[in-house]
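The values are calculated or read from the model by the stated rules, or taken from the named source; none is laboratory data. Since the structure is predicted, the reported quantities are computational estimates derived from the model, not experimental observations. With ideal geometry, Cβ positions are generated from the backbone for all residues, glycine too; neighbour counts draw on all protein chains shown. All accessible areas refer to the heavy atoms of the entire protein, side chains included, with ligands and DNA or RNA removed. Shrake-Rupley method; radii C 1.70, N 1.55, O 1.52, S 1.80 Å.
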Amino acid sequence: MTIRITWKRVIATLLGLALLGMGVAWSGVINLAASSGHWAITDWFLHWAMRNSVRTHAAFTAPKAPADASGLVSAAGHFANSCAVCHGAPGQKPAPVMQAATPPAPDLSINAREWTDKQLFWILQRGVKYTGMPAWAVQDRPDEVRRMVAFVRRLPGMTPAQYRALVAEASPAVDPDNCTGCHGTDGRGRGSPDIPILGGQSPEYLLAALKGYANGTRSSAVMKQVAMRMEPAEMEAAARRFAAMPGLRSERGSKPSGDPAAAQIVERGLPDKQLPACVSCHTPGKPYPVLAGQRASYIAARLRHWQGDKNVVDARKSHATMPVIARRIPKDMIDPIARYLAGNGGATR
């Protein structure tokens, strides 16, 4: 006896299987408890599919230069705040409750070796579904992701002493929010090129920045993780504490770089390009950050970030001002401007 295969029978079989699957799911007999773990075949298949997905997407979407080792201090601080509880850290075990997940977070001192820098970038920026690995908290800061890639890449060979030196955790009695772990006890950013000098900024500006990071109007996964935990009184205290440090004021009075083209842009702007002078906004007493004496590497990095921000085209599409202004700065003038501002003791007007 032969059974004739027809489209009606194929469709009916598929519908029957679908209804059977829905019935099993509705019954609740499938055990989804994390404590039950996965079958070995299920665990293999899910990890196999994940690795294939990461490999393919990273190859086409990750940047050519996915790692930046110039900012290990800020990356280490963010890792300590957000990642170590699940993954552990050199000399520090992960939280047992996090390891009870299915699947548990991997030990990066071992697991990091299994991925390329481009793959690490993709995982850190995009996250992985069904694993508890979240996407980067903001998607417009690939510079932060690149620094974390460089940090994770070093975890397999990092000693506990090296990790503690990078994190530089302060006593809660002295620094309750551990701001000095990145920004230093003198407000000068521990010499890291990606961390701005905070000492000497106005307390009003620093407070507004903290509030902006907390509510998402300023973009930084690193700062958001810290600011969102702070109470208003803690923000005010931190702003006053750093504003009172020497920081920028210790640089005032030093000589400008002497670059006439940079001086032109900083002091007078480029009217033909509708580029206003930097000093028209960034001077003491105005609601914007003081740039005189700021770290040149930080200024240059932020300007390049704004120039590359494709999400903001012009002032009609966004309230953000700096991306619009930054695009009007000639690319070859970014570093001279940054150096001029870093060595300039204050505006002449």
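Out of A76, A84, A59, which single residue is touching a strand residue (DSSP E or B) at 6+ places or on another chain (Cβ under 7 Å) and of a type in the set (G, A, S)?
Details: A76 fails: touching a strand residue (DSSP E or B) at 6+ places or on another chain (Cβ under 7 Å); A59 fails: touching a strand residue (DSSP E or B) at 6+ places or on another chain (Cβ under 7 Å).
Unique residue meeting the criteria: A84.
Mind checking which residues of the range 82-117 are loosely packed, with under 15 Cβ neighbours inside 10 Å, touching a residue at least 60 places away in the same chain (Cβ under 8 Å) and over 28 Å from A227 (Cα atoms)?
Selection gives A100 alone.
Can you tell me which residue is farthest from R147 (Cα to Cα) among those in the range 181-205 that are touching a Phe, Trp or Tyr at 6+ places or on another chain (Cβ under 9 Å) and outside any loop (DSSP other than H, G, I, E, B)?
By that ranking, first place goes to P203.
For the range 14-51, name all the residues that are open to solvent by 80 Å² or more (accessible area, probe 1.4 Å), within 30 Å of I123 (Cβ to Cβ) and in a loop (DSSP other than H, G, I, E, B).
Of the residues in the range 14-51, the ones open to solvent by 80 Å² or more (accessible area, probe 1.4 Å) are 14-15, 17, 19-20, 22, 26, 29-32, 35, 38-41, 44-46, 48, 51.
Applying the additional criterion that residues be within 30 Å of I123 (Cβ to Cβ) yields 30-32, 35, 38-41, 44-46, 48, 51.
Of everything in the range 14-51, those that are open to solvent by 80 Å² or more (accessible area, probe 1.4 Å), within 30 Å of I123 (Cβ to Cβ) and in a loop (DSSP other than H, G, I, E, B) turn out to be I30, N31, L32, H38, W39.
With (1) part of a helix (DSSP H, G or I); (2) open to solvent by 30 Å² or more (accessible area, probe 1.4 Å) as the list, and L120 as the residue in question, which single condition is left unmet?
In the conditions (1) part of a helix (DSSP H, G or I); (2) open to solvent by 30 Å² or more (accessible area, probe 1.4 Å), L120 misses (2) alone.
Give the residue, chosen from L303, L291, L248, L210, that is surrounded by 21 or more Cβ atoms within 10 Å (Cβ to Cβ) and either farther than 30 Å from K331 by Cβ or among the polar types (S, T, N, Q) (or both). If you could, list the steps in order and put the result at the bottom.
Details: L303 fails: either farther than 30 Å from K331 by Cβ or among the polar types (S, T, N, Q) (or both); L291 fails: either farther than 30 Å from K331 by Cβ or among the polar types (S, T, N, Q) (or both); L248 fails: either farther than 30 Å from K331 by Cβ or among the polar types (S, T, N, Q) (or both).
Testing whether each residue is surrounded by 21 or more Cβ atoms within 10 Å (Cβ to Cβ) and either farther than 30 Å from K331 by Cβ or among the polar types (S, T, N, Q) (or both) leaves just L210.
Just give me the residues in the range 326-346 being surrounded by fewer than 20 Cβ atoms within 10 Å (Cβ to Cβ) and modelled with pLDDT under 90, in sequence order.
G343, G345, G346
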